[in-house]
1. Strictly over 30 Å apart at the Cα level, which of 179/402; 453/489; 290/511; 332/402; 332/429; 220/429 would you flag in this model?
2. On the first, second and third principal axes, largest extent first, how far apart are the outermost C-alpha atoms of the stretch 394-434 in Å?
3. How high is the relative contact order of the stretch 196-308, in percent, with contacts defined as C-alpha pairs under 8 Å that are six or more residues apart?
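The numbers here are math on the coordinates, done by the rules we state, and not lab data. If you're wondering where the values come from, they're calculated on a predicted model, not measured in any experiment.
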Amino acid sequence: MMSILFPQTASAVKREEDSNGDAVSDRAEKESTRSKDRDNANLNRVENHDKDEQLVETARERACQVIREAHETKRSTFHRLFLKHQPPKPVAWALCVVALPVLLVVGLVLLLCRLLMRIEALAKFFSDIIPVAMHETFHVFPDLESITLQEFLMRHGTDKANDEAKGTACCSAAPLGAKPVETANLNWAYPWQPDVRMYWFGLGRVCGAGPECEYFDASKPTIIYVHGWQPGVTERGFRETINWVNPPGTTSSLPDTQVVDLWVARGYNVGVFYWNQLADEPTVSEAERKIYNATDGTRLRWRRRNADGSTMFVDHAGLFDTDHCVADMLVKSYLAHFPPRSTAHYGAVHFLGHSLGAQLTLEFLRRLLLGQTSYYGTAKASPICYPERLTLVDPFFTSDCKSYGPLDGLRPSQRATENLHLVREALPKLLVETYETSLIGAGALGDSCPRLKRHSVYHVVDIEQIPWTDVSLRHCAAPFVYFCSILRKDAEQWRPNLFNAAVTYADLLDKMPPHATHEGPLHDHLRPGQALLASASLLVAPQ
């Protein structure tokens, strides 16, 4: 009846009913889509969680293997007598004196053979009598510039898609056909541009820089690794990531282990302060100078890799603040992540310095305490988050006196002694531990710092997998094995011949030697006027 009397009204009602039906259908479809998206997101989170757990479990198994072999491996009688323990310093010098003439004679014989090989008439004769291994030693491979990109990719088996998926592809700024980098990350400007900063690592070899980085949370406990001298790394495109990765086709006594994942899974911020482009110097003394001084010698020159794979030193004003040395750069980076004015709660901070990095961490703490850098500004009066644990692994010092400031005639080991004294007086709750793992840490190949033995928790560690004669490998592997030791089964027990990363701060602090006083022998070792600085450091109120 209504449709007869009011045909337009009935039509409108029908359209409205159809519209409402369509709206209900659309809402149902959208809700179904959102439900599917939520299910997919939950599934992805579960899959990612499973992958993270798998990464951590793999790292845990391999780190346990490293610790087990380092501390429990049974060796032959010959190994225990001659290879396990490194000899005292006098014996080491005697061995060097005996070995040098032998190496010189062998080198001259090999050089003579090589010269004779160049004589065409004798080439065939020597190629027949010289062992194959020696012949391969002299084999010269063509430069990378003489082969095409396709030949290079076929030789090295580079899979660009796979590398990019893993985040290990070469930097996008790298020109096509350049040499590959051994340790690549898309977040790095290294090795083509200056890249001295602190990077934070997450699960699966990912990293980022800056206080806003997703892998950094100031409220969590933090461990920061500081490397040492880095000769030749720019040409290789190599950077230390704490993880141990053997080159393809090579064997090692240490397995490939992503040990950073273990610390991240335990809730740590894991950071690395990279100054490798400044530490890539032909001589260790020049890299050492940059820790303290930015104006003498080669100043703050840094090494860059060019498009053709060659390297060059760059010393342009403005790329680095040339008024500040590397220790100042570390202070600046640290204060950017742990601002003095901030009222936020900070987690415990642990520094680990390796080789020259041990010097750098001590000088960094000195400048952080005394405010000997303009990076402070007006914030020096504010409470500062000081590190509570300092680990020095195989520290190295050159042996000659330095004419540049601020050392002014001191040896680096003496400067480190001053720094250690100031740090202990100003921060009595600071835990300082030292690990000697090779002849380098023992001072046989440089200068020794006996005060480290008297005023830190000192350890002498034999890494069983590596003979003491392989000084370089023992020295380089020491930080990695230290990071693995967080999985020690007897972690609650401190042992002077093992790495003790898993031992708690409180337990290790009880092992610290008595605190030095102004009348103690350490104070007598200071330069005139240094006692005044030591007293001034007591005015700094640690947070």
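1. On the way: 179/402 38 Å; 453/489 27 Å; 290/511 33 Å; 332/402 25 Å; 332/429 23 Å; 220/429 20 Å.
Over 30 Å apart, Cα to Cα: 179/402; 290/511.
2. 34, 22, 9
3. Details: 169 pairs, mean separation 38.9, N = 113.
So the answer I get is 34 percent.
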